Amino acid sequence: MTTAYGILFIAALWAGIQNALAGGGTFITLPALMLTGMSALAANITSTIALFPGQLTSSWGGRGHVSGAGGLSFRALVIISLAGGILGAILLLVTPSSIFQHLVPWLVLFATSVFAWGSFMPRKAERPPGLNAIGAGVAQFCIAIYGGYFGGGIGFLMLAALTAAGLAIRNANATKNVLAGVMNASAVLIFVFSPQVHWLQAAIACAGAAIGGVLGGMMVSRVNQKVLRAAAVLIGVALTIGLFLRAP
């Protein structure tokens with residue numbers, strides 16, 4: 001078990017660097033937590049708690065560029081994200097572990113696909129707004145529910161929705177970081193009372209991710225982000241295949 005904890009710390013360290021530079025840290029912490037003997041459901045809940053402090057620091061750094069979108073104020077987006085994150089977290093807690101075990105390969109497949117699409121599909125520099133206030137609100141609420149329930153790929157989902165609602169990429173990136181922190185905060189507030197949380201593993205992963213986040217911030221101008229994103233996609237693909245093969 002000591003070896004598994006050591007692997008978890010290294011994986012969380014890598015996840016912290018990955019999240020700071022390119023995103024996709026969940027693909028690394030989820031299998032590492034499962035390696036310590038917990039179920040997929042417990043690993044997902046524990047991972048959300050462990051990675052949350054790092055999300056706070058990254059969102060705080062870009063707070064000056066946050067903005068509303070599609071006619072909605074930033075405050076409205078925060079409220080929508082809180083509500084959706086709470087609903088998603090509650091749905092996760094009432095999902096039996098056996099059912100989540102069947103769902104998680106599909107969730108990882110979806111998250112990997114979204115991450116790959118957001119990382120490598122070409123983007124147009126100028127894109128006319130496609131979402132009004134209602135569309136932006138509905139999109140953010142659905143993303144927040146998914147974020148509270150699982151969370152993989154929410155950054156790219158929000159980036160797509162916010163740019164479709166008219167935000168410039170710089171503002172959209174800062175806004176999605178803060179909103180991701182908000183929806184995960186609502187989920188964490190619920191998850192801390194769950195018996196599914198493995199606090200020792202959460203503490204180990206949190207420490208590794210926090211150190212990794214600091215290192216990632218120092219490396220941001222020196223590392224090829226496309227290489228990191230490609231690595232995250234490959235890990236996601238391998239994790240998807242492994243989960244499907246292990247599925248009952």
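Quick note: the coordinates plus some simple rules give every number you see, no bench work behind them. This one's a predicted model, so the numbers in the text were calculated from it and none came from an experiment. A quick note on method: Cβ atoms are made from the backbone with ideal geometry, for glycine too, and the neighbour counts reach across all protein chains shown.
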Quiz item: Taking R0 as 30 Å, what's the FRET efficiency between Leu245 and Met219 from their Cβ-Cβ distance, rounded to 0.05?
Solution: 0.30
Quiz prompt | Selection from Met183, Met219, Ile49 lying farthest towards where the dipole of the chain points positive, charges on Cβ | solution = Met219
Quiz prompt | Mean ellipticity per residue at 222 nm, deg cm²/dmol - from DSSP H runs of n ≥ 4 across the chain, formula -39500 (n - 2.57) | solution = -26500 deg cm²/dmol
Exercise. Note down the relative contact order for the chain as a percent, whole number, built from C-alpha pairs under 8 angstrom at least six residues apart.
Key: 40
Quiz item: About the Cα centre of the chain, what is the dipole size in debye to 20, counting +1 per Lys and Arg Cβ and -1 per Asp and Glu Cβ, all else neutral?
Solution: 520
Quiz prompt | Förster radius 35 Å - calculated FRET efficiency between Phe74 and Ala238, Cβ distance, rounded to 0.05 | solution = 0.40
Practice problem: Just grab the label-to-label distance for Ala207 and Thr2, each label 7 Å out from Cα along the Cβ direction, in nm (one decimal). | Solution: 1.4
Exercise. Quickly work out the Trp117-to-Val227 label distance, labels modelled 7 Å from Cα along the C-beta direction, and quote it in nm with one decimal.
Key: 2.8
Quiz item: Measuring from label point to label point, each 7 Å out along Cα→Cβ, what is the Thr95 to Ala168 span in nm?
Solution: 3.8
Quiz prompt | Candidates Gly25, Gly212, Gly37: whichever shows maximal mean-square fluctuation once the chain is modelled as a Gaussian network with Cα springs under 10 Å | solution = Gly37
